[in-house]
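The values are calculated or read from the model by the stated rules, or taken from the named source; none is laboratory data. Nothing here was measured: the structure is a model prediction, and the numbers come from that model. Using ideal geometry, Cβ is built from the backbone for each residue, glycine included, and neighbour counts are taken over all protein chains shown. The protein model used for the area step is the full one, side chains on, heavy atoms only, and it has no ligands, DNA or RNA in it. Shrake-Rupley method; radii C 1.70, N 1.55, O 1.52, S 1.80 Å.
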Amino acid sequence: MIRLDKVSYQIETSAGAVQVLRDIDLELPDGSISAIVGPNGSGKSTLARLVSGLLRPTSGSVRLLSDVDTQTVMDVRPGLDVGLVFQNPDNQLVATTVEDDVAFGLENLELPHAEMVQRVGDALHLLGLEQFRDYPPHRLSGGQKQKVAIAGVLAMKPSFLILDEATSLLDPTNRREVMQTVLRLNNELGIGIVIVTHLLDEVLVASRVGVLANGVLAAWDSPRAVFSNQTVVELGGLVLPLSARASFLMQERWTDFPLCLTPEEFARATCQLI
Ligand SMILES: Nc1ncnc2c1ncn2[C@@H]1O[C@H](COP(=O)(O)OP(=O)(O)OP(=O)(O)O)[C@@H](O)[C@H]1O
Ligand SMILES: [Mg+2]
């Protein structure tokens, strides 16, 4: 489990100190799916970097707790414990072939050659990229590039994967495909997932959603609880999924109409009225 205790992050600028995040408490259990939402500049990417160990908090702590022995606490090792995938795959792909790209992060680990080959092969297989092994990454589509970026992160065998708006440049088909792949990694390998997104449809798979507003965690709850809380919705500048908005409209006429998060739930609830 990753635990954040009273994490604050401050940066010094020529205009003075800027408090980016303030007193964030969070627990991310192993194998869990969580989401972080909030307006531009609310601190989501900063939080993603803190959780992944790429940044150190100004105060408070980000620690890895062993689930077996909760007395054991460690610092998060970037890449090894937590892999971070960014919005734009072009900024993450560095090598001239897909295979070399996936191997790139491993080069510093000084693994035996056979292990490295195995890990690259496994990561390519998991993402369905074997046929692109020798391709130059820049020839791939956006969705395929994003999968190569994920494969490179996965080859490091992290316990957690953080996707920082990793699907926002993709078309709906590629987005769905990348999300399905990520859910499969969670399901089959037990990798914990943190989805940072503006797309509230993507957070429905999360057991907990964190809402950041001006560097403060305004909520940390189930999607249903977060979407039901009008104050949090406004603070986070959230545009709810269509089914949720339609549910609120229905509630103006049928006060006990439930909050529906998916079209299927909405159709079922509507049929019950007839
Ligand atoms: N190194 C830095 N120097 C100056 N300001 C910074 C730095 N890092 C973060 N900030 C500021 O901290 C705030 C939070 O930035 P962050 O990138 O975490 O927001 P975000 O929620 O990811 O936004 P977006 O939705 O646009 O990606 C912003 O106001 C940003 O300008
Ligand atoms: Mg960001």
Tell me which lysines have Cα within less than 30 Å of residue 147's Cα, excluding those fewer than 8 residues away on the same chain? 44, 157
Surface accessible to a 1.4 Å probe, per residue, for the residues of the range 2-239, Å²: 47
Whenever you get a sec, compute what percent of the accessible area on the range 16-57 sits on carbon and sulfur atoms (1.4 Å probe). 46
To test your reading of the geometry: what angle, between 0 and 90 degrees and rounded to tens, separates the Cα axis of helix 242-253 from the longest principal axis of the chain? 10
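Per residue and in cubic angstrom, what volume does the convex hull of the Cα atoms of the range 38-116 have? Each step should come with its number before you reach the end.
On the way: hull volume 11.9 nm³, N = 79.
In the range 38-116, the Cα hull volume divided by residue count equals 150 Å³.
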Specify the angular offset, from 0 to 90 degrees and rounded to the nearest 10, of the alpha carbon long axis of helix 113-126 from the longest principal axis of the alpha carbons in the chain. 30
How big is the gap, in Å, between the Cα center of the range 186-240 and the Cα center of the range 83-113? 29
Would you list 270, 173 from the most to the least accessible area, probe 1.4 Å? 173, 270
Helix 263-273 axis, angle to the chain major axis (alpha carbon atoms, nearest 10°): 20
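Which GluC sites (Glu not before Pro) in the range 53-154 pass both tests, a DSSP loop state and at most 14 other beta-carbon atoms within 10 Å?
Values: sites: 99, 107, 110, 115, 130; in loops: 110.
Those satisfying the criteria are 110.
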